[in-house]
Amino acid sequence: MQHLALKEKFGYGLGDTASNIVFQVVINFMLYFYTDVFGITAAAAGTLMLAVRLFDAVTDPIMGGIADRTRTRWGSYRPYLLWVSIPYGLLAVLTFTTPDLSDGGKLLYAYITYALLMTAYTAINIPYSALGGVITSDTQERASVQSWRFMLAMVGGALVAATTLPMVEYFGGENEQKGFQMAMVVLSVVAIGCFVACFALTRERENPTAGVAKQSIVADFVALMRNDQWVIVAIVTFILLISVAMKGAVLPYYVSYYLGKETSISLFMTSNMLAGVAGAMLANWMTRHFCKVQVMRWASLALALVYTALALVPQDQYLLALALTIGSNLVHMIIIPYLFSAVADTVDYGLQRWGKGAMAMSYSGHLLALKIGIAVGGALSGWILAYVGYQPNVAQTEKALSGIVFLYGWASAIAGILLIVCFSFYRLDRKWAEGNKLLPVEAV
């Protein structure tokens, strides 16, 4: 057992507070920003959000290979928290800036800035995620570290949810374009500070995959694709993030048009994030008492049930919709920390079975599955809204409202059922962890 001080767990979590500031803005406001503020169509915005993710299929594995081969006095992964934080913050501001261009020029600008922002996200978040695998090699402590990560990630999300629209109004008034730009300036400064604090409060310990520098990045990737347990984790993440992206993208539409409570968008988002904090705290507690794989199976069933109920909420049941929205994110955030801790477990599994495994490469592939899931979810949201005839800033037809409800509820209920099936094939449970020991580094 390698118990970590709370200070280090808290410091590690601050890194995802920073990451989640941009992540949650992208999930919750980007589609709305592009359609209702920036001025491009829902279909074009959906295609944009998918196309940029295809670029990640190239950059993510490359970044994983580079990070695994980085050697500094601060370690392999921590330095990127310093090196990339400022470019990350600047690009976040530029992405939510609306230049005075033609329609074609705006679309081109959106493609370039969003692609660069996601590249910066890759360059800082893959090393950050891999850092969680080398802080400790104890599987239960890894789950605890990831629970702290997502507790504080949800704090970042709550900050975004509670302050973004008020800041847009404060800085821009009737000018939402200026408001979004200035709100991102404030949020980016906070994110940079959190990354620096994460660097200062954490340490890298022995890296069991340090020997990967002896082989090529392509060999790392081939070994990763061979790891059947990692593939299951990646598939689960892909499915789960499709549902997260759909729900996040359509939340402003659901609250404004289906429930008719436009002024409650910030309340829904903030409550959602605070429920995520509670879910991550619950996951941290459950780590000490239950097998995390079993918990993920239970939570998947709960996910299917709560989203089915959410999809059936009548339009006039505002408080019930709010309560079920809170419950849905609580369940989501029980699963997600365990998924991220499971990535490091699959690295151990690969080392034991084949003598091959690379921490950052494994997390880069996992984050690629996550980002493609977000992209597919975002793209489907835009396409489905276009298909059902959504028009901004007008009363919606019954067909459009049905599409919004599908995106907000039914899609995630289906995802919960698929997760149950996937977890039936995953076997790196507590019994496996107690019965297996990691190969010595010399065997890598």
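The values are calculated or read from the model by the stated rules, or taken from the named source; none is laboratory data. Keep in mind that what you see is a predicted model, and the values were worked out from it rather than measured. Reconstructed Cβ throughout: ideal geometry from the backbone, glycine too, with neighbour counts over all protein chains shown. Accessible surface is based on the protein model in full, side chains and every heavy atom, while ligands, DNA and RNA are left aside. Shrake-Rupley method; radii C 1.70, N 1.55, O 1.52, S 1.80 Å.
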**OP:** Pull up region 274-296, narrow it to residues that are over 20 Å from the mean Cα position of the chain (by Cα) and open to solvent by 40 Å² or more (accessible area, probe 1.4 Å), then point me to the one that is nearest to Ile404 (Cα to Cα).
**Re:** Gln294
Subject >> Single residue of Ile62, Ile40, Ile21 found to be in a helix (DSSP H, G or I) and surrounded by fewer than 23 Cβ atoms within 10 Å (Cβ to Cβ) >> reply: Ile62
**OP:** Would you be able to tell me the number of residues in region 55-90 that are farther than 19 Å from Val347 by Cβ, within 18 Å of the chain's Cα centre (by Cα) and of a type in the set (A, V, I, L, M, F, W, C)?
**Re:** 3
Original post:
Which residues, counting only those in region 280-301, are touching a residue at least 60 places away in the same chain (Cβ under 8 Å) and in a helix (DSSP H, G or I)?
Top reply: Ala280, Met281, Ala283, Asn284, Thr287, Lys292, Val293, Gln294, Met296, Arg297, Ser300, Leu301
**OP:** For residues that are touching a helix residue (DSSP H, G or I) at 6+ places or on another chain (Cβ under 7 Å) and free of Cβ contacts under 8 Å to residues at least 12 places away in the same chain, scanning just region 97-126, find the one that is least open to solvent (accessible area, probe 1.4 Å).
**Re:** Pro99
**OP:** Would you confirm whether any residue within region 165-172 is under 17 Å from Ala92 (Cβ atoms) and modelled with pLDDT under 90?
**Re:** yes
Subject >> Residue selected from region 421-444 under the condition of a type in the set (A, V, I, L, M) and open to solvent by less than 70 Å² (accessible area, probe 1.4 Å), by the criterion modelled with the highest pLDDT >> reply: Leu428
Subject >> Residues within region 303-321 that are closer than 30 Å to Trp432 by Cα and either open to solvent by less than 40 Å² (accessible area, probe 1.4 Å) or at pLDDT below 95 (or both), tallied >> reply: 2
Subject >> Failed item, numbered, when Leu401 is tested on (1) crowded, with 22+ Cβ neighbours inside 10 Å; (2) more than 28 Å from Gly65 (Cα to Cα) >> reply: (1)
Subject >> Options Leu330, Leu368, Leu351, Leu324; residue that is open to solvent by less than 10 Å² (accessible area, probe 1.4 Å) and either in a helix (DSSP H, G or I) or at pLDDT 90 or above (or both) >> reply: Leu351
